[in-house]
Amino acid sequence: MTICPYRITLVSTALLLNRYMDCIQLTGIRAYGYTGFLPEEQVLGQWFEVDLTLWLDLSKSGASDRIDDTLDYRNAIETVKQLIKTSKFALVERLASAIAEVLLQLPANPNQPVVEQVRVQLSKPAAPIPDFGGRITIDITRTR
């Protein structure tokens, strides 16, 4: 697949341009949801896990030490959990994209820095596939 090398190139280019240098990483977000291709997945549900990387300018909050000058990541975590709990998509690719779309809309406070780029790693730790004990992870990067 060429998706991951493209993403790496995008991030490297952004770093060379001195954009998106700062990031917040949020790992281990876990919620129970009803996204899945099989009918029982949308009825019985399953656990999902999300890791996020949010690229934004943290220089103002780094200088001021004020929560009002940064993205309050508690909101990002709660947003992801709510999306997982309430969405009923057929594909995890769609759920990952929906998470990215909403996070790129943050923040609600105009004084806070804007999320310029987001990486969403969405995992199904127990996918209902016979004789498969691994996890399935969708890894997408989206830019504003």
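The values are calculated or read from the model by the stated rules, or taken from the named source; none is laboratory data. Quick caveat: nothing in here was measured; it's all calculated off a predicted structure. Cβ: placed from backbone, ideal geometry, glycine included. Neighbour counts: every protein chain shown.
Worth pointing out:
- Lone unmet requirement of (1) at pLDDT below 90; (2) part of a helix (DSSP H, G or I) for Ala63: (1)
- Top-ranked residue in segment 72-97 [being of a type in the set (D, E, K, R) and assigned to a loop (DSSP other than H, G, I, E, B); ranked as nearest to the chain's Cα centre (by Cα)]: Asp72
- Flag if Ile67 is under 18 Å from Ile136 (Cβ atoms) and not basic (Lys, Arg): no
- Among the residues of segment 91-144, those that are under 19 Å from Glu40 (Cβ atoms) and among the aliphatic types (A, V, I, L, M) comprise Leu91, Val92, Leu95, Ala126, Ala127, Ile129, Ile136.
- Segment 10-34, residues that are at pLDDT below 95 and surrounded by fewer than 11 Cβ atoms within 10 Å (Cβ to Cβ): Ser12, Leu16, Leu17, Asn18
- Residue that is nearest to Leu52 (Cα to Cα), among those in segment 75-134 that are at pLDDT 95 or above, among the β-branched types (Val, Ile, Thr) and in contact with a Lys or Arg (Cβ under 8 Å, 6 or more places away or on another chain): Val120
- Taking first residues from segment 45-70 that are more than 20 Å from Leu122 (Cβ to Cβ) and partners that are surrounded by fewer than 17 Cβ atoms within 10 Å (Cβ to Cβ) and not acidic (Asp, Glu), the Cβ contacts under 6 Å between residues at least 6 apart in sequence or on separate chains come to Asp68/Asn111; Asp69/Lys60.
- Put simply, of Phe48, Phe37 the only residue that is assigned to a loop (DSSP other than H, G, I, E, B) and at pLDDT 90 or above is Phe37.
- Selection count, segment 98-130, where residues are part of a helix (DSSP H, G or I), in contact (Cβ under 8 Å) with a residue 24 or more places away in the chain and among the β-branched types (Val, Ile, Thr): 1
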